[in-house]
Amino acid sequence: MNFESGTYKFLCQNPRNYDNYDIWHSANPLHNPRSLFLLQYSLLSIVSQFIFLCIQPLGQSSIVAQILTGVLLGPSFLGHKKLLISNALFPPKGSMVIETTAAFGAMFFFFIIGVRMDPAILWKTEKKAMIMSASVFLFTLIIPSSLSYLLTHTVAMDKSLSKSLPFIALSQSFTAFTAITIVLNELKILNTDIGRLAMSISMFADIIGFSLAVIFFSVIQNKTGSFVNYIRIFSSLAALVLSIIFVMRPMLIAVSKKLKSEKHVSEWFFVCIMIFVLIAGFLSESIGQHYVMGPLLLGIALPEGPPIGTSLIAKIEAFTYAFFYPIYLTISGMKTNIFKIDYKSMWIVCFLVVFSVAVKIGAVMFSGYYTKVPMKECFVIGLILNTRGAAELLVYNLWRGSKLISEQEFSLVVFSVIAVNAIIIPLIKILYDPSKQYHPIIRSSIQHTTGDLDVLRIMVCVYRNENIPTMMNLLEVSHASEESNVRVIALILVELLGTSRPLLVAHQPHDILRCTSSKSTQVNHAFYQYIEHNKGYATVELFTSVSNLETTNDDVCRIAIDRIANILILPFHKQWEIDGSVEVTNKSIQYMNIKVLNTAPCSVGILVDRSANHAKQLFSNPTAPLTYQVGVFFIGGPDDIEALAYSSRMCRHENVKVTVVRFLEYGLENSIEKRREGDMIGEYRNLNRGNRRFKTVDEVIKDGIEMSKRIKKRIDSFDLVMVGKEHAESALLQGYEEWSECPELGVIGDMLSSPDFETKTSILIVQQQRIIRRKLSKMTHEKEKDYLLHSHAFDMQIRIDEKK
């Protein structure tokens, strides 16, 4: 039973056993707290996912869906006037359990955010990011606060709004790192220039905001205003921080050093960390601070990266982000009540929020003007910094519990979070498309630059060390010579685990010319050998990308267009083992490859290493060099022509023999298209006149089955086979598409890379550079040429790793 007295509601709970509350004992299962809790959690999760599926095509984020779920099931809609469905599913007696669980989830969510944050990065933050973050914080703190003071003294409003408006204005200065990270991940722009800069600005501003929030929270705790109470409050706060830094942190670091050689944290240590999180939350509550402060500080104190940070992220991130975090947002939405809102108050808060959004955008543009950031990028960054999420809702719930804002103002600020995100996120998608910056303006494919190619620029992406021998063989047969040098741009791919901020590291030249004890020792050693073997004719530029592999395509394409690469070599997401088994190394590599193929500014090759660690080493024994056999399966189309052009360069290497096998459909050998392709092959044959290491063979076949048999007969005589990704329409390819498993490889490439196709020959699937026709406004031919000559100004956030 429950009854109300004034503004308080008293609930009488029956303490007896609920084991017999089920349908078989003629009892309502929802009277059982456990059953009620399970149904509530299930319903909130299902409705949240359903709403997200409905609004996702409109460009909305998951944050909007999760808060809207709470609004829909709360007093604003289904819970209005105590409807039967609301009383049954969300009775007052069930609120404590689900709200406590949501708070528990919020605590672990902020702990994970702390683990992902690296305080050391703050000292290495770009000067422009620090200037912009300081500008954003100060402008949005001073100007909206001044406006709230002006409104409270000039505009008639109810007493509760007059009291709450300064706090609402204060909340507009928040730039939550948590919400921005989630939004950037959902928008898939975390690896872009704008994404990196927004992350840096938000991280720096969030530290300032968090520090002031802790001080503000400590001040409002002192009800009497006594100086002695202030000493007690700040002393207890200092004791908590010091205990985390000088007690918990040293213990965790000591264990981390013992586990440094291990890839995963043992179960007992993981349990210890979880207990530490609970203790930190308890200590925060005990001294009067918010329960998330201790876990957040503990997460920041934990060493980032492997083994601790990486293992923690792998173990609890998915459950926390997918289960706990959404429920906290939903519960916040359920506390709103649209019927408590006065329309005049709504317009006043709307005006303040819109004005604050404009001020934040203006602050970014103002500081961006002096730090020479383009105005369009500043506007987009300003929109990103205005996104809101769990951190803001946490503060609003805290103020609601402390009676600093009433139920009306709480509903207004929660609805403002929904409205701002609902408008801003689709607007960002419209204004900013990172793939447009990768559109090339002239041809740089191997076919179109063969005649005047003084330097062949090859970009290679390395994910697994097992693929290095085959990758190095490909670089070697690319033939670095005095007439045409080879410039290698190598990008080591490292999956982002244990940290939030992606990194793009440009290694100094001396890092490649010496071997270190770092994780990339094998890569360094391989490139050192390659440079020594081709001394004077080959150079290597090494990068490391630490990011989410599904968005690494931004780093890949950005480096490729900046270094004017002719061809980009990508790894395949499957690995062949010695026993013949096939392992899927990481499905995200496949997604990355597909995105790169769609946006790459140059030709692309996907290298399928089927050698099972038994690849030939061309420069391992200079006194007795091996012969490397390269085959080109030519069916027709621009991609096959690009593979032909690449092989034409390879055959200049004295230890490489190239065989071009051209498949012709019976009866169509003399068609106009086949004659043109024959003329193209003839040009490359004339280019290699007198070179016995280059030969062409024509195979006339009737159908695709016969072509498959001819390929199986020939493929094992080669060390490397090159084939185009796409081909002209032909009866030879009919039926193959139905069996295709990897669309990024094309029909023939997929067949040659299938585990059912038995061979030890590695495959290189080639896609020629795609040119998107577009108007070049205000760019003459001379400016275009000047752009190509001076495009090496890297306008990216690159941290030089001086320790390697």
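Things worth noting here:
- Rg ratio (alpha-carbon, reference 2.2 N^0.38 Å) - the range 320-365: 1.65
- Accessible area of residue 562 in the full protein assembly, 1.4 Å probe (Å², nearest 10): 20
- Overall, the accessible surface of the range 335-457 at a probe of 1.4 angstrom is composed of carbon and sulfur to the extent of 65 percent.
- Ranked by the mean number of other Cβ atoms within 10 Å per residue, highest first, peptides 694-705, 744-755, 473-484 order as 744-755, 473-484, 694-705.
- Based on the convex hull around the alpha carbon atoms, the range 282-398 presents an average projected area of 11.4 nm².
- With the convex hull drawn over the C-alpha atoms of the range 355-421, the volume per residue is 91 Å³.
- When you count the other C-beta atoms within 10 angstrom of each residue and take the mean per peptide, 567-574, 344-351, 414-421, 640-647 line up highest first as 640-647, 567-574, 414-421, 344-351.
- Surface analysis of the range 641-768 yields an accessible area of 51 Å² per residue, using protein heavy atoms and a 1.4 Å probe.
- Shape call, the range 88-201: gyration tensor on alpha carbons, a/c limit 1.5: oblate
- Over all other residues within a Cβ to Cβ distance under 15 Å of residue 651, the charged ones net out to +3, with Lys and Arg as +1 and Asp and Glu as -1.
- Relative intensity, log₁₀ I(q)/I(0), of the range 649-746 from a Debye sum that treats every alpha carbon as a point, q = 0.19, 0.20, 0.25 Å⁻¹: -1.14, -1.23, -1.48
- Share of carbon and sulfur in the accessible heavy-atom surface of the range 700-768 [1.4 Å probe, %]: 47
- Between the range 647-715 and the range 361-412, the alpha-carbon center distance in angstrom: 62
- The range 626-706 shape via C-alpha gyration tensor axes, a/c threshold 1.5: prolate
- Couplings for the range 700-716, taken from phi via the Karplus curve 6.51 cos²θ - 1.76 cosθ + 1.60 with θ = phi - 60°, read 8, 10, 8, 8, x, 5, 5, 4, 4, 5, 5, 5, 4, 5, 9, 4, 6 Hz in order; Gly and Pro are left as x.
- Residue 759 long-range amide H proximity, modeled H, under 5 Å: none
- The convex hull around the C-alpha trace of the range 129-176, projected and averaged over every direction, spans 3.3 square nanometres.
- Within the shell defined by Cβ-Cβ distances under 10 Å, the residues around residue 759 carry a net charge of +1, with Lys and Arg each +1 and Asp and Glu each -1.
- Other-chain or far-sequence residues with amide H under 5 Å of residue 481's (modelled H): 486
- Sorting 649-660, 322-333 by their mean Cβ neighbour count within 10 Å, with the most densely packed peptide first, gives 322-333, 649-660.
- Listed cross-link partners 93/340; 344/376; 188/335; 574/674; 315/587; 587/657 are compared with a 27 Å cut-off, the Cα-Cα value being larger for 344/376; 188/335; 574/674; 587/657.
The values are calculated or read from the model by the stated rules, or taken from the named source; none is laboratory data. This is a predicted model, so every value here is computed, not measured. All Cβ positions, glycine included, derive from the backbone under ideal geometry; neighbour counts span all protein chains shown. Side chains are part of the model used for accessible areas, which takes the heavy atoms of the whole protein and leaves out ligands, DNA and RNA. Shrake-Rupley method; radii C 1.70, N 1.55, O 1.52, S 1.80 Å.
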